[in-house]
Amino acid sequence: MTFTTVAAALISIVELPYAYGALEPYISAETMHFHHDKHYAGYVAKLNELIEGSRYATMPLEEIVRQSEGAIFNNAAQAWNHVFYFEQFAPNARHHPEGKLLRSIEMQFGSVDELKRSMVSTATSLFGSGWVWLAADNDGMLYVITKPNAGTPLTDGLHPLLCLDVWEHAYYLDYRNIRKDAAAECFKVVDWAKVEERYENITK
């Protein structure tokens, strides 16, 4: 995923690739508005404030995530995670993986449904806020991993493929405290073509 910078070396906000209400009824326009325009944009604004004049100011966002810690890491990782999250959805999503990714899922998890159940269960049991990731190593092996707070597989040398946002701002307007339903419904708008594209980029 490529993030652009401007002359002042500030991290740019990446716009949603669809309308706010395009993922309804699974993710509401109201949730997308607050999630993108308030929470995600807030992380970008804070990050730009923190990195101005520092060695991070000329780095791509992904490199800031890999090299930073503390407040800079938290805001950089949250900015990166959110763009990755938003871009995995589509209003006319392909609902089932194919090809190499499907074969890997079936070999390691038994079926796509079992993978979904694993991710939803992991999201439901995560204490506090964070992320649940489907990630791959350089050999294409798949892992479901949990990261608290702003955590990302990038810091483990893994390649993120798909994620569930387990921060309450991602789902509370639509699902209140029923995190399990929020996680499960996300899969109804996951575009597996996008996930496959990410997988192909590391296994080709």
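The values are calculated or read from the model by the stated rules, or taken from the named source; none is laboratory data. Small disclaimer: the values here were computed from a predicted structure and weren't measured. Quick reminder, even Gly has a Cβ in these numbers, built from the backbone with ideal geometry, and neighbours come from all protein chains shown.
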Where a residue in region 72-100 is closer than 12 Å to Asp165 by Cα and modelled with pLDDT of 95 or more and its partner, wherever it lies, is surrounded by 20 or more Cβ atoms within 10 Å (Cβ to Cβ) and polar (S, T, N, Q), with Cβ under 7 Å and at least six apart = Asn81/Thr152
query = Do any residues in region 50-69 that are more than 16 Å from Leu158 (Cα to Cα) have Cβ atoms under 8 Å from those of residues that are aromatic (Phe, Trp, Tyr) and part of a loop (DSSP other than H, G, I, E, B), where the two are at least six apart or on different chains, and which pairs are they?
reply = Pro60/Phe3; Leu61/Phe3
ask   = Taking the stated definitions as given, is Thr122 in a helix (DSSP H, G or I) and in contact with a Ser or Thr (Cβ under 7 Å, 6 or more places away or on another chain)?
value = yes
note = Every listed condition ((1) more than 23 Å from Trp192 (Cα to Cα); (2) out of contact with any Ser or Thr (no Cβ under 7 Å at 6 or more places or on another chain); (3) at pLDDT 95 or above) holds for Leu10 save (3)
query = Of all strands (runs of 3 or more DSSP E) completely enclosed by region 125-204, which ones contain at least 1 residues that are in contact with a Lys or Arg (Cβ under 7 Å, 6 or more places away or on another chain) and either modelled with pLDDT of 95 or more or not aromatic (Phe, Trp, Tyr) (or both)?
reply = 130-136, 159-165
query = Is it the case that region 6-16 has a residue that's assigned to a loop (DSSP other than H, G, I, E, B), surrounded by fewer than 16 Cβ atoms within 10 Å (Cβ to Cβ) and touching a Lys or Arg at 6+ places or on another chain (Cβ under 9 Å)?
reply = no
task = Find the helices (runs of 4 or more DSSP H) located wholly in region 21-108 whose residues include 2 or more that are surrounded by fewer than 19 Cβ atoms within 10 Å (Cβ to Cβ) and aliphatic (A, V, I, L, M), and list them.
result = 41-51, 70-87
